[in-house]
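The values are calculated or read from the model by the stated rules, or taken from the named source; none is laboratory data. Please read all numbers here as calculations on a predicted model, not as lab measurements. Every residue, glycine among them, receives a Cβ derived from its backbone with ideal geometry; neighbour counts consider all protein chains shown. These area figures cover heavy atoms from the full protein model, side chains too; ligands, DNA and RNA do not enter into them. Shrake-Rupley method; radii C 1.70, N 1.55, O 1.52, S 1.80 Å.
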Amino acid sequence: MTIAIASDHAGYKMKVDIKNFLEHNEYKVLDLGTKSEESVDYPDYAQKLCKNILEKKAEIGILICGTGIGMSIAANRFKNIRAALCHNKTTAEMARLHNNANVLCLGARIIDYKTAKECIETFLKTDFEDNGRHARRICKIDNIK
Ligand code: RB5
């Protein structure tokens, strides 16, 4: 599985650690920047990552900024992107089970690396609970005008 990852300056350090962790666990990682702690604008990176997901260059995306909020707001502007801001194993699990989230957003100034890793492990191992009800609700989201 290929995982796309991107951050702004606030999430840069955590991105480096997560990228190493994922590669160590045999995942293919598509690193879309940023490349340092120099200040950048998070919407640019959210956009880059979402485009790569929609073009099927990766199956799952991970976006990291200071709070995770800006990245999630930006990513959810894209149709067929379901970006979930998660803070722990439970939110990461529910994001996959009920929301079929394809992008995980993390706040590097909010959670520590251990918690981020738990969110990622849970997100990656949990499948969508495709029982009709959740799919219907996601379909309703897609049809919001
Ligand atoms: C950058 O200072 C900060 O605003 C950004 O990383 C993020 O938290 C926005 O939601």
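Brief remarks follow.
- Residues of the range 5-28 satisfying the condition of being hydrophobic (A, V, I, L, M, F, W, C) and out of contact with any Lys or Arg (no Cβ under 7 Å at 6 or more places or on another chain): MET14, VAL16, ILE18, LEU22
Listed here are the residues, each with its yes/no results for (1) of a type outside the set (Val, Ile, Thr); (2) within 12 Å of the chain's Cα centre (by Cα); (3) over 22 Å from ASP17 (Cβ atoms).
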| position | (1), (2), (3) |
| --- | --- |
| ARG77 | yes, no, yes |
| ALA83 | yes, yes, no |
| LEU97 | yes, no, yes |
| LYS117 | yes, no, no |
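- Per-region count, the range 11-24, residues within 11 Å of the ligand (Cβ to nearest atom) and surrounded by fewer than 22 Cβ atoms within 10 Å (Cβ to Cβ): 1
- Scan of the range 58-74 for residues that are more than 7 Å from the ligand (Cβ to nearest atom), assigned to a helix (DSSP H, G or I) and closer than 17 Å to ILE120 by Cα, ordered by number: SER72
- Extreme residue, surrounded by the most Cβ atoms within 10 Å (Cβ to Cβ), among residues of the range 122-145 that are of a type in the set (A, V, I, L, M, F, W, C) and assigned to a helix (DSSP H, G or I): PHE123
- Filtered residue count, the range 96-121, keeping only those that are crowded, with 24+ Cβ neighbours inside 10 Å and either touching a Lys or Arg at 6+ places or on another chain (Cβ under 8 Å) or polar (S, T, N, Q) (or both): 4
- Residue match in the range 31-42 (condition: within 12 Å of the ligand (Cβ to nearest atom), small (Gly, Ala, Ser) and closer than 23 Å to ASN80 by Cβ): no
- Residues being at positive phi and among the small types (Gly, Ala, Ser) - total across the range 99-141: 1
- Of all the numbered requirements in (1) open to solvent by less than 30 Å² (accessible area, probe 1.4 Å); (2) away from the ligand (no atom under 14 Å from the Cβ); (3) farther than 19 Å from LEU124 by Cα, THR2 misses one, and that requirement is (3).
- Some residue of the range 75-94 being without any contact (Cβ under 8 Å) to a residue 12 or more places away in the chain, more than 16 Å from the ligand (Cβ to nearest atom) and in a helix (DSSP H, G or I): yes
- Looking at GLU26, GLU59, just one residue is at pLDDT 95 or above and in contact with a strand residue (DSSP E or B) (Cβ under 9 Å, 6 or more places away or on another chain), and that residue is GLU59.
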